[in-house]
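Scroll down for the structure; my scribbles are underneath it.
The values are calculated or read from the model by the stated rules, or taken from the named source; none is laboratory data. No experiment lies behind these values; they were computed from the predicted model shown. All Cβ positions, glycine included, derive from the backbone under ideal geometry; neighbour counts span all protein chains shown.
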Amino acid sequence: MKEACGRESLVAIRDLTFFRESRMIFDGVSLDIPVGKITAIMGPSGTGKTTLLRLIGGQLRPDGGSVSVDGQIVHALRSHQLYSLRKRIGMLFQSGALLTDLDVFENVAFPLREHTRLPESLIRSLVLMKLQAVGLRGARHLMPSELSGGMARRVALARAIALDPMMIMYDEPFAGQDPISLGVLVQLIRNLNEALGLTSIIVSHDVHETASIADYIYVISQGKVVGHGTPDAIIRSDSEWVQQFFKGLPDGPVHFHYPAREYAEDLYAS
Amino acid sequence: MTNRERDAQDEPFVIGRLRHLGRLTLNVFGKLGRGAFFLFWTLLGSREVLTRPGLLIVQLHSVGVLSVLLIAISGLFVGMVLALQGYTVLSDYGAEQTLGYMVAASLVRELGPVVSALLFAGRAGSALAAEIGLMKATEQLSGMEMMAVDPIKRIIAPRFFAGFLSMPLLAALFSTVGIIGGYLIGVDMLGVDEGAFWSRMQAGIDFDEDIVNGVIKSVVFGFVVTWIALFEGYDAVATAEGVSRATTRTVVHSAFAILALDFVLTALMFGDF
C-alpha cells in the first residue's frame, strides 16, 4: 500500500465509519501511518482518538470502511491471527495499565513469560535492558502503586517494547505530566522510534510536545479529518478550526458557550 | 435536547411506560446472553488452567484459603446455636440424645452449603467482582488484550475454578466445625451423653442422602456465586460507581440465587414427587 507521497504505510484506514450506540464517532476517515515515522493524531477531547487506536488494535470493529495493519485487514482476522498481530504491536495506555499485583520487573516480564519459553536468566537480561532504556532499572522492585504517573508510563513503555514490536501506539502520553517527565517522555518516544526502527502513532491533544516530535500530523474533529500535513504545514494552515486548536483560543469555530438560547431571553424567562 | 428526549416528551404516558418496560426486558435478556457467553468462554479457557496450575494455586489461596477463618468461626457459632436451640426443643420430648443427629443433619444438608455460600459471596465474591471491575476500569484487561493475552484465560478462568473448587471444601469445613461447636455445647455444657451424641449421628446420617446431596449443593452454589461475581466484575461500567454497583449486585444476586437454588435442589433431592 502506497501513500500519496510514495512512502510505504504500515496502517491504512479507508472510509472508516464508527458509531457508539447512535452517536457517530467517525464519518469517512481515511489516513495512512507511514513506516518508521512518528505520526500524530490530534483533536479535542471526545473526538474518539482512543477509539481509533482500539480500532487499529482490533478491540473494536468498524461499522464501515476498513482498517489494515501491515497489509492485513484487522477486523477480518480470526482471533488467533489477531493475537499474533497484536504481539507485534505495543500500546501505551494513558493510565499505563500496569498490572497492580505485580512489581515493575514482573510487569515488564509479563509479555515475555506469556508468549515465550525463554530461560529465566534471559528474561532477566531482557527485562533489565528494557528498563535501562527507560531509565528505571533501579526501580525494578517497586510496585505500581509506588510509582509516579510519569514513571508508570515509562514502565508501561518498557513493557510495550518487551516483545520488540514493529509499531507502538501511544494514547495521550503527555497528559497530566510535570515538565520534567514530559521532557523525558518526548525524548524517549523520539529515541526509541529511531533506535528500534519502530513506527509510532501518538494520539494527543498536547500541541507543542506532539508537534515537536511528530513527522506527520492528522487533525480530527467531529468524526472527520480536518487537516493533515507536517507539523510546520499544519501550524501554518489557514483552516480557522486548526488555528483555534493549535493556538488554544477560547472562542472560534468551536464555541466557548454550549448551545443555548439567547442569554437575555434566558435571564428574563421565568 | 436529543431527538429521543423530544419524542419522549410528546408521547402519551402509556407508551412511555411500555417503552421503559421494553428497554428493561431487552437489558435483562441482553445481560443473560452476555453472561451465558462469558461462562462459555470461561469454560473453554479451562485448558489454560490445567497447563498452568500455578495460576490456579495463587487464586485458590486468595479465594479459598483466605476465607477459611471466616467460614470456620461462623461454622462454630452456628453449630453452638443449633445445639442450644435443639436441646431446648428436644429435651421437651426427652429426645436430647438425638441432638448430635439433629445438629449434623441440619449442617450437612442445609446450613453448611447455604450459609457458607452466603458468606463466600460476601467475602470472596465481592472481592472478585471488585478486583475484576477495577482491572477493567484501570484498563488492565484492555492492556492484556493488546499484549495478545486473553484476559478470560489468564485472569477469569483461574479465578472461576478456584471458586468452584473452594466452595465444597469450605462448606465441608463449615459443617465439621459446626458439629464440633454442637459437641462443645451439647456434651460439655448441657450434659448430653457423649456416646449417644456420636452414635445417633453416625446411625442417622446417610452418606448418599445427606453428605453427597450437601456436596452437590455446595458445588452448584460455588459455580453460581463465582460465575455471578466474575461476570458482574467483567461487565461492570468502568467507573467508580460502576464497580461499586457490580460489587453490590454480586452479593445481592448471589444471595437470591443461593436461596432459590437451595429450594429447587432440596425439592429435587428430598421432595416426594
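Farther than 30 Å from residue A:89 by Cα, away from every other protein chain (no Cβ under 14 Å), out of contact with any Phe, Trp or Tyr (no Cβ under 8 Å at 6 or more places or on another chain) and surrounded by fewer than 19 Cβ atoms within 10 Å (Cβ to Cβ): does that describe residue B:204? Answer is no for this residue.
I need the full set of residues from the stretch B:261-273 which are small (Gly, Ala, Ser) and modelled with pLDDT of 90 or more, in order please. So that I can check it myself, show each step before the final result.
Initial filter on the stretch B:261-273 (small (Gly, Ala, Ser)): B:267, B:271.
Matches in the stretch B:261-273: B:267 only.
Yes/no per residue for (1) buried (at least 18 other Cβ atoms within 10 Å of the Cβ); (2) assigned to a helix (DSSP H, G or I); (3) modelled with pLDDT of 95 or more:
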site: B:237; (1), (2), (3): no, no, no
site: B:241; (1), (2), (3): no, yes, no
site: B:251; (1), (2), (3): yes, yes, yes
site: B:256; (1), (2), (3): no, yes, yes
site: B:259; (1), (2), (3): no, yes, yes
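Counting only residues that are over 15 Å from residue B:145 (Cβ atoms) and either in contact with a strand residue (DSSP E or B) (Cβ under 6 Å, 6 or more places away or on another chain) or at the interface with another protein chain (Cβ under 10 Å from one of its Cβ atoms) (or both), the stretch A:72-94 holds 2 of them. Here is the figure for the stretch A:55-71: residues that are within 14 Å of the chain's Cα centre (by Cα) and away from chain B (no Cβ under 14 Å) total 0.
Kindly provide the set of residues from the stretch A:77-99 that are free of Cβ contacts under 8 Å to residues at least 60 places away in the same chain and touching a Leu at 6+ places or on another chain (Cβ under 8 Å), ordered by number.
First, pick out the residues of the stretch A:77-99 that are free of Cβ contacts under 8 Å to residues at least 60 places away in the same chain: A:77-86, A:95, A:97, A:99.
The answer is A:77, A:85.
Please pick out the residue among B:143, B:125, B:163, B:133 that is over 12 Å from the mean Cα position of the chain (by Cα), buried (at least 20 other Cβ atoms within 10 Å of the Cβ) and more than 11 Å from chain A (Cβ to nearest Cβ). Explain how you work it out, then say what you get.
Working: B:143 fails: more than 11 Å from chain A (Cβ to nearest Cβ); B:125 fails: over 12 Å from the mean Cα position of the chain (by Cα); B:163 fails: over 12 Å from the mean Cα position of the chain (by Cα).
So the residue among B:143, B:125, B:163, B:133 that is over 12 Å from the mean Cα position of the chain (by Cα), buried (at least 20 other Cβ atoms within 10 Å of the Cβ) and more than 11 Å from chain A (Cβ to nearest Cβ) is B:133.
Scanning the stretch B:207-233 for residues that are buried (at least 24 other Cβ atoms within 10 Å of the Cβ) and either more than 28 Å from residue B:188 (Cβ to Cβ) or of a type in the set (Ser, Thr, Tyr) (or both) yields B:217, B:218, B:221, B:222, B:225, B:226, B:228, B:229, B:230, B:231, B:232, B:233.
Condition (residue is over 27 Å from residue B:62 (Cα atoms), in contact (Cβ under 8 Å) with a residue 24 or more places away in the chain and in contact with a strand residue (DSSP E or B) (Cβ under 9 Å, 6 or more places away or on another chain)) applied to the stretch A:136-151: is it met by at least one residue? No - not one qualifying residue is present in the stretch A:136-151. Residues of the stretch B:219-269 that are farther than 21 Å from residue B:172 by Cβ and of a type in the set (D, E, K, R): B:232, B:235, B:241, B:245, B:249. Residue A:148 meets the conditions (1) away from chain B (no Cβ under 14 Å); (2) under 16 Å from the mean Cα position of the chain (by Cα); (3) not aliphatic (A, V, I, L, M) in every case but one. The failed one is (2).
Flag set for residue A:58, criterion: in contact with a His (Cβ under 7 Å, 6 or more places away or on another chain) and surrounded by 14 or more Cβ atoms within 10 Å (Cβ to Cβ).
From the residues in the stretch A:98-145 that are among the polar types (S, T, N, Q) and surrounded by fewer than 19 Cβ atoms within 10 Å (Cβ to Cβ), which one is nearest to the other protein chains (Cβ to nearest Cβ)? Spell out how you get there, then give the answer.
From the stretch A:98-145, those among the polar types (S, T, N, Q) are A:100, A:107, A:116, A:121, A:125, A:132, A:145; that's our starting set.
Of the ones still in play, those that are also surrounded by fewer than 19 Cβ atoms within 10 Å (Cβ to Cβ) are A:100, A:116, A:121, A:125, A:132, A:145.
Details: A:100: 7, A:116: 12, A:121: 19, A:125: 20, A:132: 21, A:145: 11 Å.
Within the stretch A:98-145, the match that is nearest to the other protein chains (Cβ to nearest Cβ) is A:100.
Set side by side, the residues B:30, B:86 differ, and just one is surrounded by fewer than 19 Cβ atoms within 10 Å (Cβ to Cβ) and under 27 Å from the mean Cα position of the chain (by Cα), which is B:30.
Name the residues in the stretch A:78-126 that are part of a loop (DSSP other than H, G, I, E, B), farther than 24 Å from residue B:138 by Cα and basic (Lys, Arg), would you? Walk me through how you get there before you give the answer.
Initially, the stretch A:78-126 is screened for residues part of a loop (DSSP other than H, G, I, E, B), giving A:78, A:87-88, A:93-103, A:116-119.
Remaining after also requiring farther than 24 Å from residue B:138 by Cα: A:78, A:116-119.
Of everything in the stretch A:78-126, those that are part of a loop (DSSP other than H, G, I, E, B), farther than 24 Å from residue B:138 by Cα and basic (Lys, Arg) turn out to be A:78, A:117.
Counting just the residues of the stretch A:100-135 that are among the acidic types (Asp, Glu) and free of Cβ contacts under 8 Å to residues at least 24 places away in the same chain, which one comes out nearest to residue A:183 (Cα to Cα)? Only one residue tops the list, namely A:106. For residue A:66, the criteria (1) in contact with a Leu (Cβ under 8 Å, 6 or more places away or on another chain); (2) part of a helix (DSSP H, G or I); (3) in contact (Cβ under 8 Å) with a residue 12 or more places away in the chain hold in every case but one, which is (2).
Based on what the data block shows, is residue A:52 under 22 Å from the mean Cα position of the chain (by Cα), within 12 Å of chain B (Cβ to nearest Cβ) and in contact (Cβ under 8 Å) with a residue 24 or more places away in the chain? If you could, list the steps in order and put the result at the bottom.
Details: under 22 Å from the mean Cα position of the chain (by Cα): yes; within 12 Å of chain B (Cβ to nearest Cβ): no; in contact (Cβ under 8 Å) with a residue 24 or more places away in the chain: yes.
No.
Of the residues screened, residue B:45 is one that is at pLDDT below 90, more than 30 Å from residue B:186 (Cα to Cα) and over 16 Å from the mean Cα position of the chain (by Cα).
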